[in-house]
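Just so you know, all these numbers are worked out from the coordinates, no wet-lab data involved. What you see is a predicted model, and the numbers here were worked out from it, not measured in a lab. Here the Cβ positions follow ideal geometry from the backbone for every residue, glycine too, while neighbour counts run over all protein chains shown.
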Amino acid sequence: MAPEQLLTVDYDPGDSGSEGWMLCFHPDLIRKSALENKMDEYSFFSYAANEALHVSEKEKDIVTKIVHILIEEFSQNIDIYSTDLIVSNLEVLLNYAKRFYGRQFITRKTTHHDVVDRFEQLLKESFTLHRLGENGISSVKELAKDMGYSTNYLSDLLKKETGKNTQEHIHYQIIHHAKNLLSGTSEPITNIAYKLGFEYPANFSKFFKSRTGMSPNQFRKY
């Protein structure tokens with residue numbers, strides 16, 4: 001969980017077999033440390049609750065051992081090394097979580113193939129000229145919502161399966177349709193830009209050149 005996120009736990013008084021723990025730390029703990037600069041790498045902090053990590057017994061043992069080290073560290077007398085040791089062990093814990101999530105993406109490969117197929121179909125539908133004219137280019141957030149995933153989880157899943165995150169898939173479709181319109185029609189580039197959902201034609205030209213190395217005019221002549 002990241003700051004400002006909410007978590008709700010259903011409590012059943014008749015269930016005597018549930019147990020667990022939560023490790024919380026204040027952002028100030030890692031401020032000005034190397035870990036602070038790495039936090040954006042841990043995209044799982046923005047995953048939805050239903051995208052939680054499911055650990056094996058072996059993985060649970062690894063996580064628990066690190067947590068016990070942390071408990072031992074902050075339970076004893078604090079000295080000049082305490083913060084560094086706590087932060088370094090937090091980083092180890094987060095790195096293991098990143099590895100375990102990577103394993104989870106692999107073990108769910110069959111399911112994720114279906115997700116990729118659904119996503120590609122949804123993306124193609126959103127890129128029909130009629131829908132682009134009405135709604136503009138779909139955002140990462142909109143596509144993730146339509147798929148029923150958080151933005152980070154969908155992007156990480158697609159990256160693992162296809163080598164491209166959600167934004168890169170969107171950009172690929174824009175360039176694909178732009179090339180078809182530029183080579184297959186004589187429409188003015190301004191009209192093509194509007195058809196592809198760009199509010200300003202100059203933005204389309206800049207985007208196209210950044211991805212292809214040529215301006216739309218150069219591509220059309222080429």
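Given their separation in residues at 0.36 nm each and the Cα-Cα distance between them, Gln5 and Glu120 gain 38.4 nm when the chain is fully extended. Annotation: aspartates and glutamates with alpha-carbon distance below 20 angstrom to Lys209 (same-chain offsets under eight excluded): Glu168, Glu187, Glu199. Against the chain, whose longest principal axis is taken from its Cα atoms, helix 166-184 shows a tilt of about 10°.
For the chain, a simple Cβ point-charge model (Lys and Arg +1, Asp and Glu -1, everything else neutral) yields a dipole of about 1640 debye relative to the Cα centre.
Give Lys58/Lys160; Lys124/Lys145; Lys38/Lys65; Lys60/Lys98; Lys38/Lys98 a once-over and call out the pairs whose C-alpha atoms are over 21 Å from each other. Exceeds cut-off: Lys58/Lys160; Lys38/Lys65.
Would you work out which of Tyr42, His54, Thr64 lies farthest towards the positive end of the dipole of region 41-93, given +1 charges on the beta-carbon of Lys and Arg and -1 on that of Asp and Glu, about the Cα centre? The residue sitting most towards the positive pole is His54. In a DSSP loop and with at most 16 other Cβ atoms within 10 Å, the trypsin sites (Lys or Arg not before Pro) in region 151-222 are Lys164. Ranking Asn135, Phe207, Gln121 by how far each Cα lies toward the positive end of the dipole of the chain (charges on Cβ) leaves Phe207 at the top.
The chymotrypsin sites (Phe, Trp or Tyr not before Pro) of region 59-129 that DSSP puts in a loop, and whose beta carbon has at most 13 other beta carbons within 10 Å, are Tyr81.
Put a dot 7 Å past the Cα of Ala34, heading toward its Cβ, do the same for Lys206, and the two dots end up 3.7 nm apart.
Rounded to the nearest Å, what's the spacing between the alpha carbon centres of region 50-106 and region 144-222? Just the number, please. Result: 40 Å between the Cα centres.
For region 141-195, a simple Cβ point-charge model (Lys and Arg +1, Asp and Glu -1, everything else neutral) yields a dipole of about 60 debye relative to the Cα centre.
The string of couplings for region 66-71 from the Karplus curve (6.51, -1.76, 1.60, θ = phi - 60°) is 5, 5, 4, 5, 5, 4 Hz, one whole number per residue in order, with x for Gly and Pro. With both labels modelled 7 Å from their Cα along Cα-to-Cβ, the His176 to Ile62 distance reads 3.6 nm.
Loop-located trypsin sites (Lys or Arg not before Pro) in region 3-52 (DSSP state not H, G, I, E or B) with no more than 10 neighbouring Cβ atoms inside 10 Å: Arg31, Lys32.
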